[in-house]
Amino acid sequence: MTHHRRHLHTISDGTAYPMPPAIPWNSPSSDTSPNSSIIEPSILAVEGILNYTFKNKRLLEEALTHSSCTWSRSYQRLEFIGDAALALALSNYAFLAYPGLDPGQLSLFRAANVSTEKLARVAIKHGLYQYVFRHNATALDDKVILFPELKVSIFPSF
């Protein structure tokens, strides 16, 4: 069994493996990276929307980089950990805020609030989508324009 594969065991098989060490985030090294005059205003705008100042701006740059861009890591790896963190935060919130809900109802609450659709609504409402670095900007903009129209036709309360 290879070193990589042995970490794929599950807890249920009773095998205890040490956790791999944390891998530090490295900044992109590509020469094709856009200059800071393009990136910095987006970073500052997102920090303003979130009312949070990031210590590691390059991490936020990665979080805002779509996989269509080749000059930097995309957000896909961060999305993996972010989805887990968001699910944990919402689980904790629902568990404490709604003590009368059973586990099934708590799961439904969490699922409804971490769905792609819900997160898209939040991104559109707060204008976050416009700061995503992507290769084809018009494709996303076209989808954003259509999103509210589709929602209104299906769910009038949107």
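Table: residues versus (1) at pLDDT below 60; (2) exposed (fewer than 13 other Cβ atoms within 10 Å of the Cβ); (3) over 20 Å from the mean Cα position of the chain (by Cα); (4) of a type in the set (Phe, Trp, Tyr).
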{"site": "33", "(1), (2), (3), (4)": "yes, no, yes, no"}
{"site": "38", "(1), (2), (3), (4)": "no, yes, yes, no"}
{"site": "42", "(1), (2), (3), (4)": "no, no, no, no"}
{"site": "57", "(1), (2), (3), (4)": "no, no, no, no"}
{"site": "60", "(1), (2), (3), (4)": "no, no, no, no"}
{"site": "70", "(1), (2), (3), (4)": "no, yes, no, no"}
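Could you check residue 121 against (1) more than 24 Å from residue 64 (Cα to Cα); (2) basic (Lys, Arg); (3) at pLDDT 80 or above and say which number it fails?
Result: residue 121 passes all but (1).
Look at residue 156 and say whether it is at pLDDT 75 or above and in a loop (DSSP other than H, G, I, E, B). Walk me through it before giving the result.
On the way: at pLDDT 75 or above: no; in a loop (DSSP other than H, G, I, E, B): yes.
Here the answer is no, as residue 156 does not meet what is asked.
Write out, first by first residue and then by second, each pair whose Cβ atoms fall under 8 Å of each other, whose residues are 6+ apart or on separate chains, and whose first residue, in segment 43-60, is free of Cβ contacts under 8 Å to residues at least 12 places away in the same chain while the second is outside any loop (DSSP other than H, G, I, E, B) and surrounded by 12 or more Cβ atoms within 10 Å (Cβ to Cβ).
Pairs found: 53/47; 54/43; 54/47; 54/60.
Step by step: first the residues of segment 72-110, then only those that are in a loop (DSSP other than H, G, I, E, B) and closer than 19 Å to residue 42 by Cα, then the one that is modelled with the highest pLDDT. Which residue is that?
Keep residues of segment 72-110 that are in a loop (DSSP other than H, G, I, E, B), which gives 72-75, 98-102.
Now restrict to residues that are closer than 19 Å to residue 42 by Cα: 72-75.
Working: 72: 60, 73: 63, 74: 62, 75: 67.
Within segment 72-110, the match that is modelled with the highest pLDDT is 75.
The values are calculated or read from the model by the stated rules, or taken from the named source; none is laboratory data. Quick caveat: nothing in here was measured; it's all calculated off a predicted structure. Heads up, the Cβs are rebuilt from the backbone with ideal geometry, glycines too, and the neighbour counts pull from every protein chain shown.
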